[in-house]
Every structure is written in C-alpha cells, then in structure tokens.
Amino acid sequence: MINKQVLLVLLMLLLAVSCSVPRGLPAPEELPYETKGTAFYVKLHDGSVYRGELIAAENDALYVLPAENQHPNMKRQSGVVQIPWDAVDNYRVYYAHGKSLVWFVPVYTIVTFSHGWFAFLTMPFNLIATLTAHFTSQHEHVLRKKDIAPEELGLFARFPQGIPTDVALQDII
Amino acid sequence: MRQNIITRFVLISLAAGLLSACSPVRDIRFRAHYHDANDLLYAAAQESDLPYLKAHLKDGGIVLFSESWDVDMQKEIVTGDGQHFDFNRRFVRDGEMVVSVDSVVIFETNKMPKNNDQSRISSLSVLGGLNTALGIYCLAVPKACFGSCPTFYLDGDQEFHYARAEGFSNAIAPGLEYTDIDALNIYTTTGGTFPLTMKNEAYETHNVRSLKLLAVPREEDQRVYHTQDDKFYLARQRVELTSARSGNDDVTYLLNKDDQTEYFSLADPDNLRSTEEVFLQFDNPGNIQQLGLVAGFRQSLMTTYLLYNAFDHMGNLYGDLLATVSIAEDDAPTIADVLYEQLGGISAYLRNSHKNEWVYQGTWYETGPIAINHQLMLLDAAHPEEEIHIKLEMNRGMWRLDYLHLTEIIEKVVPLEIQAERVYANKKHDEDLLQIMLDGDAYLVSQPGDTYRFEFELPAIHDDYELFLSATGFYMVWGREEWQKEKDLYSLYMMRHHPGRYLKKHAQAYKEYEKVMEEAFWGSRVKHQIISGHDK
C-alpha cells in the first residue's frame, strides 16, 4: 500500500516536472536589463491556449504576441492577439528561469544503491526530495493567477502603460 | 520510546525543512512602477543602493539606465548612461541619456528577485550528507544493510520485512553446513501448486544443497508447531496471554497477537551480556494433558554486528581462517558457538506455586534478524489447575518477541517431505537446476541479486497443510578491501577466548550502531516498542 502511495507521488512529481517552463527565459540577474515583456501563458474559457510575450494588460483586454509556430491553427489579424478579460480562464507569468537542480536526481538515486536494504526507503525519499527541489527551483520565477492579480500584470508587460496610442497592433513584432 | 519520538521528530523536521526550502518565493516586489518622478525619488531614497531604472516612454520606447542615474526635478529630466530602444525593442542608441520627465509614462525599478535556491541547495546538501553517511556505514558494516543468508518469500511478499524464512544463518563456511527448518506460518493452504521465492540479497555466495517443503495435514482449528530440536507436534486450542510485564512496563499489547508488533529492549550500554526478564501470565487452560508454549521471535542485529566484527578482526586472514573452520577435525567452538554460549537464547521457566520456584523448561535459539521464527516449547505442566506463570530470560537487546500463547498438544507427528517440481531462475524454467536440487550432493549456487522460484505440489489427499521449509547448505560472505586494513587478531582472540571481556569492551560501540541501525531498520516497516531502563 505504501509502495503504491510512493509510486503515485513519484508519478505526480514526474508529471509536474514534465510541465517545464518555456525556453529562452532570462536569468534572474538579467531582469533589470530586459526590455521585452515576460513569457506569458493564458488559457481561455473555450479551452484555447496562447503562449508568447505579454505586450500589455489593460482594463478591458490582454495583449499577447504569440511565439511563432506554436499555434499553427490560430487566426491572427496581426502579430498581437487581443484577448478580452472575460474570455480569460487562467494565466501564468514566467519572468525568469530557475536554477536547474536536475543532476541531483540521478546522483542521489544512484547513491542509495549503497544503502542496501534501506534503499527501499531512502530511494523514494531521495527521488521525491530531489524531484521536488528541481521542480520548485525551475518554477521559482513563475507567477500563477493566484500569485498576481490582473491589475498587477502590467509590471511584466512590454508596455506597462498599455498599448501606446501611436503604435498600431500590427506593427508590433 | 523517547528515542523513537526523537527520531521521528528529526525525520519530520528534515522533511518539513526540505519542503519549506523547496517552496518558491512568490514575491513581485522586486519590481516597481512609478508614474511620478517624485515617487521614484522618494522610493530610491529608501534604498541603500540605487535601484536599476527603466524609463517607459510615451511612444512605446524604453530607456535602460545603467547603475548610475539622476533625476533633476528643476529641469525635469532624468540623466545617466543608458541605452535607448524603440517600441519593438530595436536598438536606437546608447551613451549619455537625457530624458524629459514629460516623455516618460512609467518609471520602472528592479532589484534582484529573491529566491530559495540557497536554502534548497543547503537542504539537498544535508540530504547528501545523510546519504553519504549511511552509504559509508553500509560499506563498513555491509551485513547490516545488505542482508544475510538465503531469504524466502511467498508470492506477493517481496520485501525483506516479509521474509518467511532465512536459511542456515550459522553456516558461514562449507564445514558449517547444516539443515535449517523454519515454519512458514501459513494459516490456510489451498492445495495444488505452492510457490516459494528464494533471494540472495547480500554480498554473499549461497550454496544450497537441498530445499524441501515439510507438510503436515491439519484439520480446522489445528496447527502444527516444531520445537527447537525439530520435532513436530499437532496442536489445537489457543490459550491467549492475559498479562506480560517487563520491569514495570505492561507489554501485553505487544505480545498478545501475531501481528509483527514486537517487544524489544535496547542493549546494556556497559556490557552486551546482560540479562532481562519478561513475566507472562495465562488464564487456567483447563484439563490439558500436554501444554505447549508457542512464540514468534527473531534476533536483533546484535549477532550480525558481532559476526561482522569478527570478520573485520580477521583482516586479510579472513579466507584462511574460514577455511580452517571448514577443515578442523576437532570440536573446538566456532565464534558463533561462543556467542551462543555468552548471549544465549530465550529461556523459559514455569512457576511452581507449591514449591515457590521457577522451573526451567527449555531455550529457543535461532540465528537471523529477518524472518520471524515460530516455535513450540513443551511445558511440564500436566493438568494445571491454576493460572500459568512463565518467566522468559534473555539477553538484553538481543531478541525481538512478536507473540506468545499456550496450546494443547494432541500428538507428535512426522511431516511429509516434498521436493520441488519446478525451478525458475530469473523467471525462466530451468530443468538443470531442478536436477541439481534433487541430486542431494550438488549445490545450487546463488550470487548477489539472484532470484529463484521453486514450485512444490501439495498432495491432493488433504485440503490443508501446515508447511515448514527445510533448507540445507552454507554461504560465504564476500571479503572486502577494508578488511585488509583492519586486521586485529588480538581482538579476535579476545572474542573467542575471553568473550565476557570482549562483550563488555564493545558495548559502547554497539550502542552507537544500535542507535542508528535498529531504529532506522525496523522502524521503517515493522511496528515495535523499545523498552529500556536506560531510555525511560
């Protein structure tokens, strides 16, 4: 029974780890020099999902510049997608990449082979601990809907003031 | 008990510390926006270091200032070295920047975001330290971590905590080969094929000459038990324990059920040879011709520790000395014999209330800390008319008791001997191995990690059998490089010829071992309670 529970926890952790953060995020120390909006994930009530750069978060809508080729079926009038707030179900902000601790996972797991009988206890404990540490480290700089209110999203947008009046959406790349 | 709580506290604290260290920091205050230059100046004045500054321009462009910048409120300008980018973040120019406050729609400051990386890595380092410590310990005392002797499992029970038997634990050299009989303690059998899995979970080479199932037919409510001298008795009726005491502790709840909730005491810190007593009381069993006492018990890791100490002391003579044991023609006692003499088994005494004395009934002794032994002792208490009082005497920290009860002996019986019909090596049927097992003179040689499955056919003539396993053979513990450095023949001599002094001298070292290994090893699965006068 305990083994099944441990396996379930491990499976969940592996699934969680597989929900990786986007590539190409800046390091935390590069944030003061970032000029673009952060990587953004938004899921709509109709189930569709957009991933890309957060361009602006205004009172009535979000503006996202989807990453190229990520959504081949998406219809785009211009580069930027305008998403009304009432269509938004969930969102996440990825503002920097975390430290990778993935090497702890195989190393600590292999070490438990030296524990003999105790490995049945120490191996799952080490797997859970290292996978948890790696997962949380990778998601250190991720903000979920509950972590950041819609009115705070501007902090991470390319245009925190909203879309500039003189800039046309189709000109934004 | 206190030690148990402390250990759990440490483990829970470690887990809690690790989890809390793992929690990400969800704090967005490293970044701030100001619509007014005065607010920016006020905020900057609160900081010891000037924050990084970005000026978001009305046209969508942005100016990144380097670490030094200044706001001149009289001229309403922001100055400093920086870089200018347009609304698509294409580079425009860099160098000395003079930006009118009016052209800025938002000032953005950034500090380094907080994170938990350091505490996360610290926690993993602590875990790494514990892993290494346990690894080193297991290398130093491998028998404590890597098992011992062939272990036998029923289908579905694959963890060593559920091993049903461990074969010929004392046979550490060819010359010490013997047949070991263990009760498999199965409440009902369904007939037909009976599978048994044998594993080598140690750094040892196991040499199995014979493996037989001993089966005795039984009716409903009957059990068959074997005694220390391997005689078999059919029994019925179970007289439950009504009271068990160790010192001032009531340990009845630990000993009244066959449930692996074990009674166990810690060793004496001053002398490993130290006796303890457990007092048992049973209700009047009524008119019974022959009464028997049945117990479930196994050893702690004490003998394992001492045996490995002996190997350590042998150093590079390990192989030679074991070979000597095998070819010796005299009856000189082995170290295992010496340890038995010193530490003894579980001796039972029956209270004679008329003479007001304890009368010796017998002693149980089985080497091995893994599988629980289930054995019978005949009591000299015909037609008891009163409550039965029994005293157990045993070495402190040496034995684990699971249960005790009385039973009525019906008759002495002779079991059927059943040979394996099929043998599987790593799930593959192997006819050659079967022939080896049936040969009687050949050995099945099992190396670390090997798993064999034996299938026996129970005779259809009876519905239900009590089953025992009879295993004949010997094993050889693999020598280790560390032993080359640790030769200590004087200690070996002391262990063999002055064991009393040796056991006194090594008590403290064993206590250190016991503190870590006993609690961690058994606490991981089996419920038990440690009773020790030194830890109350």
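Read the figures in this text as sums done on the coordinates, not as results from a lab. A quick note: this is a predicted structure, and the numbers were derived from the prediction, not measured. Here the Cβ is made from the backbone with ideal geometry for all residues, glycine too, and neighbour counts use every protein chain on show.
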Which whole-number value in Å³ per residue fits the convex hull of the alpha carbons of the range B:161-286? 192 Å³
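Over the range B:31-110, what is the relative contact order in percent, taking alpha-carbon pairs closer than 8 angstrom and at least six residues apart?
Numbers: 160 pairs, mean separation 29.5, N = 80.
With pairs under 8 Å counted, the relative contact order is 37 percent.
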Please give the charge dipole size of the range B:31-110, origin at the Cα centre, charges +1 on K and R Cβ atoms and -1 on D and E Cβ atoms. Round to the nearest 20 debye. 360 debye
Rank these for me by crowding, B:D182, A:D89, A:D166, going from fewest to most other beta carbons within 10 Å. A:D166, A:D89, B:D182
Counting sequence-distant residues (5 or more places) and residues on other chains, those with an amide H built under 5 Å from that of B:K487 are B:N316
Restricting things to alpha carbons, tell me how big the range B:357-475 is in terms of Rg and Dmax, in Å. 20.0, 59
Near-label residues of the range B:37-72 by backbone N, under 13 Å of a point 7 Å along Cα→Cβ of B:D94: B:64-67
How about the range B:190-241: which trypsin sites (Lys or Arg not before Pro) there lie in a loop by DSSP and see at most 16 other Cβ atoms within 10 Å? B:K231
Tell me, what HN-Hα J-couplings in whole Hz come from the Karplus equation 6.51 cos²θ - 1.76 cosθ + 1.60 at θ = phi - 60° for each residue of the range B:119-130, using x for Gly and Pro? 5, 5, 5, 4, 5, 5, 5, 4, 4, x, x, 5
Can you compute the radius of gyration and Dmax for the range B:197-266, using only the Cα atoms, both in Å? 18.0, 48
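How would B:V126, A:V64 line up from fewest to most surrounding beta-carbon atoms within 10 angstrom? Each step should come with its number before you reach the end.
Details: B:V126 14, A:V64 25.
Starting with the residue having the fewest Cβ neighbours, the order is B:V126, A:V64.
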Tell me which aspartates and glutamates have Cα within less than 18 Å of B:K505's Cα, excluding those fewer than 8 residues away on the same chain? B:D268, B:D270, B:D312, B:E341, B:E486, B:D488, B:E514
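If the viscosity is 1.306 mPa s and the temperature 10 °C, what translational diffusion coefficient in µm²/s does Stokes-Einstein give for the range B:31-110 when Rh comes from Kirkwood over Cα pairs?
On the way: Rh = 12.4 Å.
Calculated translational D: 128 µm²/s.
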How big is the equivalent ellipsoid of the range B:141-531 along its three axes, where each semi-axis is √(5λ) from the Cα gyration tensor, reported in whole Å from largest to smallest? 32, 30, 18
Rounded to 5, percent antiparallel among DSSP beta bridges of the range B:141-531: 95 percent
Amide H proximity to B:K114 below 5 Å, modelled H, separation 5+ or other chain, gives none
Here, B:T252 and A:A27, labelled 7 Å along Cα→Cβ, have an inter-label distance in nm of 6.9 nm
Rank the residues A:S137, B:S243 as a footprinting-exposure proxy: fewest other Cβ atoms within 10 Å of their Cβ go first. B:S243, A:S137
Quick one: Karplus J couplings for the range A:137-147, per residue in order, coefficients 6.51, -1.76, 1.60, θ = phi - 60°, nearest Hz, x for Gly and Pro? 5, 4, 9, 4, 10, 10, 10, 9, 4, 6, 8
Quick one: which residues, 5 or more positions from B:I186 or on another chain, have an amide H under 5 Å from its amide H? H modelled 1.01 Å from N in the peptide plane, none for Pro or chain starts. B:L467
Cα→Cβ-extended label distance, 7 Å offset, between B:A323 and B:E512, nm: 3.4 nm
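How big is the dipole moment of the range B:141-531 about its Cα centre under a simple scheme where the beta carbon of each Lys and Arg is +1, that of each Asp and Glu is -1, and everything else is neutral? Debye, nearest 20, please.
Details: 35 positive and 63 negative charges, 183 e Å.
For the range B:141-531, the charge dipole is close to 880 debye.
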What distance in nm separates the simple spin-label points at B:E387 and B:D439, each placed 7 Å from Cα in the Cβ direction? 5.9 nm
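With r defined as the distance between the Cβ atoms of A:K145 and B:E457 and R0 fixed at 60 Å, what FRET efficiency is calculated, to the nearest 0.05?
Values: r = 64 Å, r/R0 = 1.07.
The value I calculate is 0.40.
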